[in-house]
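Q: One structure follows; several queries about it will come next.
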Amino acid sequence: EGCQARVPHMALLLLPPIPVKPPDFELLAEPFRAAYHKLGEEFSVPVIDFATPWHQAHPTIPLWQGDGVRPTEAGYRVMADAVLEVILMD
């Protein structure tokens with residue numbers, strides 16, 4: 001019995017890793033993102049799309065801290081907006 005069966009009013013969302021700047025880190029993160037999407041399809045759970053809004057905002061807004069991995073405040077806003085978009089669709 002899954003979480004949704006036990007607590008039907010609970011919303012489950014899958015939050016895959018956000019895009020990162022270092023190319024070697026990005027290559028390592030891609031299989032994890034693919035696994036999130038596969039699980040989302042398998043269990044009918046929404047997977048948050050961070051990549052599209054992230055790449056749309058990135059050219060004009062600094063979304064990463066100096067390490068290219070941790071988000072800035074603006075990066076967290078992009079993430080929060082992506083989650084809200086899915087939550088508000090229901």
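Q: Answer with one residue from 13, 35, 72: the one whose Cα lies farthest towards the positive end of the charge dipole of the chain, charges on Cβ with Lys, Arg +1 and Asp, Glu -1.
A: Toward the positive end, the furthest listed residue is 72.
Q: Looking at the square roots a ≥ b ≥ c of the eigenvalues of the Cα gyration tensor of segment 37-90, which shape do they give, rounded for a/c under 1.5, prolate if a/b is larger than b/c, or oblate?
A: Details: a/c = 2.67, a/b = 1.90, b/c = 1.41.
Since a/c reaches 1.5 and a/b is larger than b/c, the shape of segment 37-90 is classed as prolate.
Q: Against the longest alpha carbon principal axis of the chain, how many degrees, from 0 to 90 and to the nearest 10, is the axis of helix 73-89 turned?
A: Here the helix axis deviates by roughly 30 degrees.
Q: Determine the share of the chain's accessible area contributed by carbon and sulfur atoms, expressed in whole percent, with a 1.4 angstrom probe. Provide the component values of the computation, followed by the final result.
A: Working: 4030 of 6360 Å².
That share works out to 63 percent.
Q: So if I take the alpha carbon set of segment 26-68, get Rg, then get Rh from the Kirkwood formula, what is the Rg over Rh ratio?
A: Over the Cα atoms of segment 26-68, Rg/Rh equals 1.07.
Q: Just grab the label-to-label distance for residue 72 and residue 27, each label 7 Å out from Cα along the Cβ direction, in nm (one decimal).
A: Roughly 2.8 nm, to one decimal.
Q: Only Cα pairs under 8 Å and at least 6 apart count here; give the relative contact order of the chain as a rounded whole percent.
A: Across the chain, relative contact order equals 27 percent.
Q: If you don't mind, another one. Grab every C-alpha pair in the chain, bin the distances at 5 angstrom width from 0 up to the longest one, and report whole percents.
A: Bin by bin from 0 Å, the calculated values are 3, 13, 20, 22, 19, 11, 7, 4, 1, 0.
Q: Any idea what the dipole of the chain comes to, in debye rounded to 20, about its Cα centre with Lys/Arg Cβ at +1 and Asp/Glu Cβ at -1? Walk me through the intermediate numbers first.
A: Numbers: 6 positive and 12 negative charges, 28 e Å.
So the magnitude is around 140 debye.
The values are calculated or read from the model by the stated rules, or taken from the named source; none is laboratory data. Just so we're clear, the structure is a prediction, and the values are computed from it rather than from any experiment. Counting neighbours? That spans all protein chains shown, and the Cβs are built from the backbone with ideal geometry, glycine included. Each accessible area value is taken on the protein alone, full model and side chains, heavy atoms only, with ligands, DNA and RNA left out. Shrake-Rupley method; radii C 1.70, N 1.55, O 1.52, S 1.80 Å.
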